[in-house]
Amino acid sequence: MDHSKAPVLEALKAYQDEGQTPFTPPGHKQGRGVDPRVLAVLGEAVFRSDVLAISGLDDRSSSHGVLAEAQALMADAVDAEHTFFSTCGSSLSLKAAILSVAGPHETLLIGRDVHKSVVSGLIIAGVRPVWVEPQWDSGLHLAHSPAAEAFRAAFREHPEAKGALVTSPTPYGTCSDLAAVADVCHEHGKPLIADEAWGAHLPFHPALPAWGMDAGVDVCVTSVHKMGSGLEQSSVFHLQGELIDPHVLSAREELLGTTSPSSLIYAALDGWRRQMVEHGLTLYDEALALCADTRARIGAIDGMKVHGRADFVGPGRAADMDPLQVVVDISGLRITGYSAADWVREHHHVNLHLSDHRRINAQFTHADDDKSADRLLTALEDLARHADGLRPAPEIHMPDPAGLRLEQAMLPRDAFFGPTEQVPWRQAAGRVSAEMLTPYPPGIPAAMPGERLNADVLEYLRTGVDAGMVVPDAVDDTVNSVRVAVEE
């Protein structure tokens, strides 16, 4: 295919050049109705390019096939058979993928280290999750995606499962052996969904971890806004093989998606694909070299350890890692990642990707350069000099892996929509959670609807909040009280 083309961008330019006059939404009419104070911040070009996809970029019957051609080009770029654009983020794409594999009261095998959007999909679909245990590093208090053998054991115990879902890469950049997990699923004639929200860039450089389509995964969901050049909310899901009908997947997406998709998001997706095909190899040569140099420089700062393959990759751990996720253990400074992230934002206007009780993470992409890397280094060097002002680090109760594992006592949907009550956190042990309790970022629930809470997890969350953890999903985000199911 001709990857010099960008059908959405070309259609948008034609719309502007033709001087089309819309008597359709959006009501701002290409910016003419926008408050000048809004234009002063967002710019006129945003509104000129915010047009309908139908009766805008294309005609009423989509006879020009603008979106279809853009999606076909994206599929060709990454060796997928079908590609679908989503303007509602990978949160929606994951829900659509789940609904295309399993329905109400059907079983899906899922790695327990999932993003909260997967749990939302389970609530909507009424799917019964069977949780597959991640590979826990008890020394680092970090979860890597479940091993293929864990999925094989889960299929033996639950042959009725309709398929499986795995997260790879994780927000920390660690990757599953997707080919091995896909083989296990296909041995049972079942599809594998990969939440590759953090892996949109992986197809475009051989030094990056293998990605789902090359590994035989049936559906891969990617967030182009995370590691690519897409606007926020831009997501793509790719499909291959015969285990999932593309018409079913498309219909499930349509069930959940907006009927007013953003042409801005489509255009950015289209342009990013062209950029990656034409220049991705060079861009990631440069990004990987810059990141390697930055890793070495951060590692030279007293009290900071940059995690590499030796820490994350090997038997019982991850199969690979994305070097563009710069994960730094700052426990040597005797401060938390929460306070460190807040400090560098306040004092250096540097925003870190995620933080936890002992780590910070700086996400690099092809957009970074010497200037941005130097700002990060300056901020972290200054953080080390001022660490004494952030001590002592508040004590967070960190359970062992067994203490973090909760019993799935009810379907997530039943617990979420059933009768509930709010109880003090100390009284919630032994009760079934009716809400997600999710340290964010990275957004992996510590407890989810239908799981029976225990004292370890509750104390972890409560002490975590006191130390700076953010739990935005909770009805009471201080976690002084918890919403639980009323059980008969």
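Beyond 23 Å in Cα-Cα separation lie the following of the pairs 95/162; 13/95; 13/371; 116/226; 95/226: 13/95; 13/371.
Evaluating 6.51 cos²θ - 1.76 cosθ + 1.60 at θ = phi - 60° for every residue in segment 68-75, the Karplus couplings come out as 4, 5, 5, 5, 5, 5, 4, 4 Hz, glycine and proline recorded as x. Calculated on the Cα set of segment 277-390, radius of gyration then Dmax: 14.4, 48 Å.
Note on segment 198-356: Cα Rg divided by 2.2 N^0.38 Å, N the number of residues, gives 1.25.
Using the Cα centre of the chain as the reference point, and only Cβ charges (+1 on K/R, -1 on D/E), how large is the resulting charge dipole? Debye, rounded to the nearest 20.
About 780 debye.
You can think of it this way: the chain between residue 79 and residue 426 has 119.7 nm of extra reach, that is 0.36 nm per residue less the Cα-Cα gap.
In percent, what relative contact order does segment 277-390 have, based on Cα pairs under 8 Å that are 6 or more apart in sequence?
Values: 149 pairs, mean separation 32.2, N = 114.
Contact order relative to length: 28 percent.
Based on a Kirkwood Rh over C-alpha pairs, give the Stokes-Einstein translational diffusion coefficient of segment 60-273 at 37 °C and viscosity 0.692 mPa s in µm²/s.
Numbers: Rh = 17.2 Å.
It comes out at roughly 191 µm²/s.
When N counts the residues of segment 401-485, how does its alpha-carbon radius of gyration compare numerically with 2.2 N^0.38 Å, as a ratio?
Values: Rg = 11.4 Å, N = 85, 2.2 N^0.38 = 11.9 Å.
Working it through for segment 401-485, the quotient is 0.95.
Using Cβ counts within 10 Å as a stand-in for footprinting exposure, how do 83, 107, 336, 222 rank, fewest first?
Numbers: 83 24, 107 17, 336 27, 222 31.
With the fewest neighbours first, 83, 107, 336, 222 line up as 107, 83, 336, 222.
Contact order, relative form, for segment 60-273: 25 percent (alpha carbon pairs under 8 Å, 6 or more residues apart, mean separation divided by residue count). Couplings 3J(HN,Hα) of segment 83-96, computed from phi: 9, 10, 8, 10, 9, 10, x, 5, 4, 6, 4, 5, 4, 4 Hz, in residue order, whole Hz [Karplus 6.51 cos²θ - 1.76 cosθ + 1.60, θ = phi - 60°; x for Gly and Pro].
Using a simple charge model, +1 on the beta-carbon of Lys and Arg, -1 on the beta-carbon of Asp and Glu, nothing else, what dipole does segment 401-485 show about its Cα centre, in debye to the nearest 20?
Details: 7 positive and 11 negative charges, 30 e Å.
Around 140 debye, computed over segment 401-485.
Among the trypsin sites (Lys or Arg not before Pro) within segment 248-337, which fall in a DSSP loop and have no more than 15 other Cβ atoms within 10 Å of their own Cβ? For trypsin sites (Lys or Arg not before Pro) across segment 248-337 that sit outside H, G, I, E and B with at most 15 neighbouring Cβ atoms in 10 Å, the list reads 334. Scalar couplings 3J(HN,Hα) for segment 223-240, obtained by applying the Karplus form with A = 6.51, B = -1.76, C = 1.60 to θ = phi - 60°, are 9, 5, 6, 7, 10, x, 10, x, 6, 3, 5, 7, 9, 9, 10, 10, 9, 8 Hz; x denotes Gly and Pro.
Provide the gained length on full extension for the span residue 32 to residue 16, in nm with one decimal, where the gain is 0.36 nm per separating residue minus the Cα-Cα distance.
4.4 nm
Cβ-Cβ distance of residue 232 and residue 347, R₀ of 25 Å, FRET efficiency by 1/(1 + (r/R0)^6): the value works out to about 0.45.
Taking every alpha-carbon pair under 8 Å whose residues sit at least 6 apart, the chain reaches a relative contact order of 14 percent.
Amide H contacts for residue 482 (H built 1.01 Å from N in the peptide plane; partners 5 or more residues away or on another chain; cut-off under 5 Å): 423, 425.
Quick check of the Kirkwood formula: for the chain, what is the inverse mean of 1/r over all pairs of different Cα atoms, in Å? Please list the in-between numbers first.
On the way: mean 1/r = 0.0420 Å⁻¹.
When all Cα pairs of the chain are included, the Kirkwood radius is 23.8 Å.
Farthest towards the positive end of the charge dipole of segment 182-256, among the residues 193, 230, 215, is the Cα of 230, using unit charges on the Cβ of Lys, Arg, Asp and Glu.
Where a number appears in this text, it was derived from the coordinates with a stated rule and is not lab data. Worth saying up front: this structure is predicted, and the values here are computed from it rather than measured. Methodologically, a virtual Cβ is constructed for each residue, glycine included, from the backbone with ideal geometry; neighbour enumeration extends over all protein chains shown.
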